[in-house]
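The values are calculated or read from the model by the stated rules, or taken from the named source; none is laboratory data. None of these values were measured; they are calculated from a predicted model. When we count neighbours, we look across all protein chains shown, and the Cβ atoms used for this are built from the backbone with ideal geometry, even at glycine. Note: accessible area is taken over every heavy atom of the protein model, side chains too, but ligands, DNA and RNA are not part of it. Shrake-Rupley method; radii C 1.70, N 1.55, O 1.52, S 1.80 Å.
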Amino acid sequence: MNRYILISLALFFLVSLDWAWKETISKYSPRSNKHFEFQVQLGTVKPVFAASSNWDGVRDVAKFTKDIVKGIDTLLSQLATSAVLNQTTTVTSVNGNYTLRYTPNFNSSVTSTALGSKTYKSSFEIWLGSGSSATKALELYFDSSTDKSVGSGVLAIWQPNRFDTTLNSANRQIECAMTGGSTNGTMICSWNGPIEASGGIQAGRIKVTASASAGTISYKALATPVTTTTCTGGNSDYYAIAFITKNVTPFYSTAKYGFNDGAIASTLCTTANSNNNAYFNITSNPTATGSSKYFVTDGVTSDTNSFNTGGNLYPSVASVDSLFSEMSGGSDTDLTIAKLTALSVAFRSTVAP
């Protein structure tokens, strides 16, 4: 019986994605009567950061989040379905271009940029190649295949150019840590790039928090571009965006962003940002292919307006202002300039299998 595992582990923050590569690996487990097939799809990343796409970060961050959660959940689910998680000792397989290893009794600590040092029960790894010449492509650490609120949750680290050789040869990794489950969970994703050879984003971090009681998902993201001379202050430039989405269709959302020299602020360099705040929902221009998709309006300064019936369809301007100020004011220590500058995303081990 064939089992497929799809990992949608592709950078989406201020990028668009072209599916461009696919590799299928199959492995028969001698401890089960099932075939274990592993399918990876990763694509070329393209920066879309531009003045004409001020709000693209809202769609891109939301899609990034959805794809990462779905990819990791699918991977864990299909590992379990293929009976791999029933193994009591380490299982290693080589097929085609890749080596796969599942370690059920990993029980070791892993240091991530998001969580520091945490101990995980199990690990799943992928290398490109086999033997002493194999190079690490992905590491996945977890305590439960069905519940991210158990123990330390889930940590994934992967290297895009192991799946697409046209990407940056500098061997950059992306890291995503997930804790707390789906209803009140947090996910933090980080990278220090650029990921592609001529990429526009030097480093970035995204933090997503779900609140069951409020019925919302809050998003915050911070990035610095490779070219840091857009503003004229002589320091590195920083792009920041925050938005809140109601967790029921049509997912009413309110967003705020800024781009500044040496600081996290809602202005555009030294100019007031008249675009803030903006409304989105999935019934607005759903078939559009450009920046108007899901966009409703911007320049919203009050909850009382013709788009916000009763004043409570969309998350309040004040709540999004407060969310953004967690970055600009430094109270969210996961999203500071110092944290972004010091990012060092790396595999726990690069030793060949």
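Things worth noting here:
- Test: residue in the stretch 60-78 that is surrounded by fewer than 20 Cβ atoms within 10 Å (Cβ to Cβ), modelled with pLDDT under 50, of a type outside the set (D, E, K, R) and out of contact with any Cys (no Cβ under 7 Å at 6 or more places or on another chain): no
- Residue selection: Gly96 fails the criterion of being over 20 Å from Gly181 (Cα atoms) and open to solvent by less than 60 Å² (accessible area, probe 1.4 Å).
- Residues in the stretch 144-181 that are closer than 21 Å to Gln202 by Cβ and of a type in the set (Asp, Glu): Asp164, Glu175.
- Restricting Thr113, Thr146 to residues that are surrounded by fewer than 20 Cβ atoms within 10 Å (Cβ to Cβ) and either at pLDDT 85 or above or over 22 Å from Asp164 (Cα atoms) (or both) narrows the list to Thr146.
- Close pairs from the stretch 297-322: first at negative phi and free of Cβ contacts under 8 Å to residues at least 60 places away in the same chain, partner among the polar types (S, T, N, Q) and assigned to a loop (DSSP other than H, G, I, E, B), Cβ under 7 Å, at least 6 apart: Val300/Asn277; Asp303/Ser316
- Qualifying residue in the stretch 43-55 (condition: under 17 Å from Gln159 (Cα atoms), open to solvent by 40 Å² or more (accessible area, probe 1.4 Å) and modelled with pLDDT under 50): yes
- Exactly one residue among Thr146, Thr119 is more than 23 Å from Val94 (Cα to Cα) and either assigned to a strand (DSSP E or B) or under 17 Å from the mean Cα position of the chain (by Cα) (or both), and that residue is Thr119.
- If you go through the stretch 320-338 and keep only what is open to solvent by 70 Å² or more (accessible area, probe 1.4 Å) and in a helix (DSSP H, G or I), you end up with just Ala338.
- Screening the stretch 149-249 for strands (runs of 3 or more DSSP E) wholly inside it with 1 or more residues that are open to solvent by 10 Å² or more (accessible area, probe 1.4 Å) and over 22 Å from Ser322 (Cα atoms) returns the ranges 174-179, 186-192, 201-211, 216-225.
- In the stretch 262-284, the residues that are within 19 Å of Cys231 (Cα to Cα) reach residues that are of a type in the set (D, E, K, R) and open to solvent by 40 Å² or more (accessible area, probe 1.4 Å) with C-beta atoms within less than 6 angstrom, at least six apart or across chains, in these pairs: Asn275/Asp298.
- Pick from the stretch 264-292, criterion part of a loop (DSSP other than H, G, I, E, B) and among the aliphatic types (A, V, I, L, M), ranking: most open to solvent (accessible area, probe 1.4 Å): Ala272
- For the stretch 252-263, the criterion of being loosely packed, with under 15 Cβ neighbours inside 10 Å and modelled with pLDDT of 90 or more is met by at least one residue.
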